[in-house]
Amino acid sequence: MRIALCQLGSSTTNLNHNIEMVIRAANQCKSKNCDVLVFPEATQLAFGGDLQEACAQSTAFVHGLQQAALISHAVVIAGGFRPADGNDARVKNTLFFVNEHGLVHCYDKIHGFNALGYREIDTIQPGTTVPKPYMGIGCAICYDLRFPSMFCTQARNGADIIVVAASWADGDLKAEQWETLSRARALDSCCFIVAVGQPDPSTIGNTVPSNQPSGIGSSLVWAPDGKCLSRLGRGNAIELVDIPTSDITRYRSIFRVLENEVPGIDL
């Protein structure tokens, strides 16, 4: 499966600019025979922007992703926002899967980033359901990366690849944690991990409030044995990676992590 890592920085103010950015990336990839284009968390609007306004424009964002899918002949996966359930004034932090026919799958982030002085719970309504794989692709958003059971569950349910879309907060040892955690999730779940983050805003001239998880770039792809298949820098970048999903049975027959899980302890 050929996947385009689209590590591209979103504006905090201009929703149309962000849609146009996705479409430009699709044009860049359209002759590359990509199966999937993966964009970061908060591609629709970077953290620090008006999430309620983004939420009101979620239909337009999905339509823009559909245009990108039509151009690239690929499934487009990108992070955005949509209305919360009930009378909740918060929004959902959502990963949208869109093909040329429209929205085919989505996931609402379960684990809020309520750590290191940040309270995502104040603005984001948590999801409640571990996503089912689509085309053998599972998914997670940012802070979910710290919770291995979510990855193993998706592997047991048929995921060979798990996409992690992120806007990873910078800070002391945060880049090291991003690398260690994403690699560990490949080993835990015996899946390929495709971790795509918002770039460091300082590398692309974006201004983001200092208290927001703005991104560090450093997108990564890991094989189930911990081998790094791709590593990006901190700025804007698009890179194509061919993921040998046909090897997943071989990896799992060697490591046998999933079949050796113990009911009542690991499950």
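Picking from residues in the stretch 182-203 that are open to solvent by 30 Å² or more (accessible area, probe 1.4 Å) and in contact (Cβ under 8 Å) with a residue 12 or more places away in the chain, the one that is farthest from the chain's Cα centre (by Cα) is THR203. Among residues of the stretch 162-173 being in contact (Cβ under 8 Å) with a residue 40 or more places away in the chain and within 18 Å of GLN7 (Cα to Cα), the one that is farthest from the chain's Cα centre (by Cα) is ASP170.
Condition check ((1) without any contact (Cβ under 8 Å) to a residue 40 or more places away in the chain; (2) among the charged types (D, E, K, R); (3) closer than 23 Å to PHE151 by Cα; (4) in contact with an Asp or Glu (Cβ under 8 Å, 6 or more places away or on another chain)) across all residues:
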| position | (1), (2), (3), (4) |
| --- | --- |
| ILE216 | no, no, yes, yes |
| LEU220 | no, no, yes, yes |
| GLY226 | no, no, yes, no |
| ASN236 | no, no, no, no |
| PRO244 | yes, no, yes, no |
| SER253 | yes, no, yes, no |
| VAL257 | no, no, yes, yes |
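Candidates are the residues of the stretch 97-122 that are in contact with a Lys or Arg (Cβ under 9 Å, 6 or more places away or on another chain), modelled with pLDDT of 95 or more and in a loop (DSSP other than H, G, I, E, B); the one that is most open to solvent (accessible area, probe 1.4 Å) is HIS111.
Being in contact with a His (Cβ under 9 Å, 6 or more places away or on another chain), under 30 Å from VAL208 (Cα atoms) and not β-branched (Val, Ile, Thr) narrows it down to one residue among PHE96, PHE113, PHE81; which is it? Within the list PHE96, PHE113, PHE81, the selection yields PHE96.
Comparison of ASN236, ASN206 shows that the only residue that is crowded, with 16+ Cβ neighbours inside 10 Å, under 19 Å from ALA78 (Cα atoms) and of a type outside the set (A, V, I, L, M, F, W, C) is ASN236.
Exactly one residue out of VAL164, VAL130 is surrounded by 24 or more Cβ atoms within 10 Å (Cβ to Cβ) and β-branched (Val, Ile, Thr), and it is VAL164.
The values are calculated or read from the model by the stated rules, or taken from the named source; none is laboratory data. Since the structure is predicted, the reported quantities are computational estimates derived from the model, not experimental observations. Positions of Cβ are backbone-derived with ideal geometry, glycine not excepted, and every protein chain shown enters the neighbour counts. Areas reflect the complete protein model, heavy atoms only, side chains present, ligands, DNA and RNA absent. Shrake-Rupley method; radii C 1.70, N 1.55, O 1.52, S 1.80 Å.
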